């Protein structure tokens, strides 16, 4: 299988591969972004409202914590393989698997963020006569935004990175090149790996930028620093 | 005949959802060894990662200017998809166990290093002041005050690192026929995915992770009974 001799020159060849195949790489990158966006969209639609409402009610911490433990313990390969006999090879199987993967961090952080909002602030709002919906929208959510967004960032980076594995189940993307050394040789594999790396780093940096932008100015000093500690908030 | 299906029962040849007899027949030649390999992959990676993070964290503890660069490199490292990281190492270390372990160690660093640093920093200033006032040397402060107080954060990091490494180690099967990912890849390469093998190996991987998670929680309770939940 490893017909090419592998050494430093592989990287030179890899860059040559990138230079010679911009169209192929662009198509595969777009496939990977489409798959990731669809999966993240589903996860957000399910987990975000659930986490926020549970956090507001201060109920279901077990679900949120369990979600985070299970989310970490579930290998992406197992998820993709587990749905495959039922959903068949292709986009759908990978989308569902990646959506499940993304649900963990989004749900946990959304719950945690709203749950830990200063109770005095919420009481004060209630004393001022705000309805529950107003409390949620005008007090809890603004204070919770940084942490909620941190969860979304983690989920997004995880999904984009993991989508590489989707190739094993016909999900397309840059992984198609990475798992097909027979077709693209080691230079293609390494070239595509460099592209995947650049893609996820780009997504990560972009989200960091957006995270600072969506954080209310008064919170920037305190919260962003804590969150930049990264993936693991618990 | 497809090797993994074997000459099995009607359940196996019919590829039903889960066939206990296949699991029983192939425990000794497939699932058992894969589980042991998976544990080895994880233990070696976490062990080496722990030692490296401890060293780096101590260096960063005394030379504060090191912390940010190491932290940034570690975070960027985490964004690299595991499959891509393994492939990028192949030009240097080939399709070997070393490649797999370097990749896995890299991911444990990302989790362990920040936790080590946070732990070392978690000693309250007045406690350090008191220790110094009692005449403890810098080394004594580290050994008797800072390290014990760092234990809860270190344990929390270790727990996450172990569970994550067990999950990522399934990807190692793309390079080496080792670990619980390998039976899954084989099952996926059948003309129709072989369900029992997927679910048995998958359940073992998830089960292993959950058991290790519970063990870490128990160990932490025994070692640092003073640290309440959620502190680290």
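The values are calculated or read from the model by the stated rules, or taken from the named source; none is laboratory data. It should be emphasised that the depicted structure is a prediction, and the values quoted were computed from it without experimental measurement. Positions of Cβ are backbone-derived with ideal geometry, glycine not excepted, and every protein chain shown enters the neighbour counts.
Quick grid of which residues meet (1) farther than 30 Å from residue B:204 by Cβ; (2) touching a strand residue (DSSP E or B) at 6+ places or on another chain (Cβ under 8 Å); (3) modelled with pLDDT of 90 or more:
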site	(1), (2), (3)
B:118	yes, no, no
B:124	yes, no, no
B:130	yes, no, yes
B:134	yes, no, yes
B:137	yes, no, no
B:154	no, no, yes
B:157	no, no, yes
B:161	no, no, yes
B:164	no, no, yes
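Scanning segment B:163-176 for residues that are more than 9 Å from every other protein chain (Cβ to nearest Cβ) and buried (at least 24 other Cβ atoms within 10 Å of the Cβ) returns B:165, B:172. Summed over segment A:174-189, residues that are more than 10 Å from chain B (Cβ to nearest Cβ), buried (at least 19 other Cβ atoms within 10 Å of the Cβ) and without any contact (Cβ under 8 Å) to a residue 60 or more places away in the chain total 0. Take the conditions (1) within 12 Å of chain A (Cβ to nearest Cβ); (2) modelled with pLDDT of 90 or more; (3) not in a loop (DSSP other than H, G, I, E, B); residue B:179 misses just one of them, which is (3).
Taking every residue in segment A:91-109 that is without any contact (Cβ under 8 Å) to a residue 12 or more places away in the chain and pairing it with any residue that is assigned to a helix (DSSP H, G or I), at least 6 positions away or on another chain, the pairs with Cβ-Cβ distances below 9 Å are A:92/A:83. Of note, residue A:196 does not satisfy the criterion of being more than 10 Å from chain B (Cβ to nearest Cβ), under 17 Å from residue B:168 (Cβ atoms) and out of contact with any strand residue (DSSP E or B) (no Cβ under 9 Å at 6 or more places or on another chain).
Of all the listed residues (A:96, A:53, A:114), the sole one being in a helix (DSSP H, G or I) and either within 14 Å of another protein chain (Cβ to nearest Cβ) or under 22 Å from residue B:185 (Cα atoms) (or both) is A:96. Criterion applied to B:204, B:219, B:215, B:158 was being in a helix (DSSP H, G or I), away from chain A (no Cβ under 14 Å) and within 18 Å of the chain's Cα centre (by Cα), and the one residue passing it is B:219.
Given the condition at positive phi, assigned to a loop (DSSP other than H, G, I, E, B), modelled with pLDDT under 90 and within 11 Å of another protein chain (Cβ to nearest Cβ), answer yes or no: does some residue in segment B:95-110 qualify? No, the conditions are met nowhere in segment B:95-110.
In segment A:157-173, what residues are within 30 Å of residue A:145 (Cα to Cα) and within 10 Å of chain B (Cβ to nearest Cβ)? The answer is A:157, A:158, A:160, A:161, A:162, A:163, A:164.
How many residues are assigned to a helix (DSSP H, G or I), surrounded by 20 or more Cβ atoms within 10 Å (Cβ to Cβ) and touching a residue at least 60 places away in the same chain (Cβ under 8 Å) if we restrict to segment B:182-201? Looking only at that region, the number is 9. Taken as a whole, segment B:127-140 holds no residue that is touching a helix residue (DSSP H, G or I) at 6+ places or on another chain (Cβ under 7 Å), crowded, with 23+ Cβ neighbours inside 10 Å and without any contact (Cβ under 8 Å) to a residue 60 or more places away in the chain. In this structure, does residue B:106 turn out to be farther than 14 Å from residue B:46 by Cα, surrounded by 14 or more Cβ atoms within 10 Å (Cβ to Cβ) and out of contact with any strand residue (DSSP E or B) (no Cβ under 6 Å at 6 or more places or on another chain)? No. Taken over segment A:56-83, residues that are within 9 Å of chain B (Cβ to nearest Cβ), under 20 Å from residue B:172 (Cα atoms) and in a helix (DSSP H, G or I) amount to 9.
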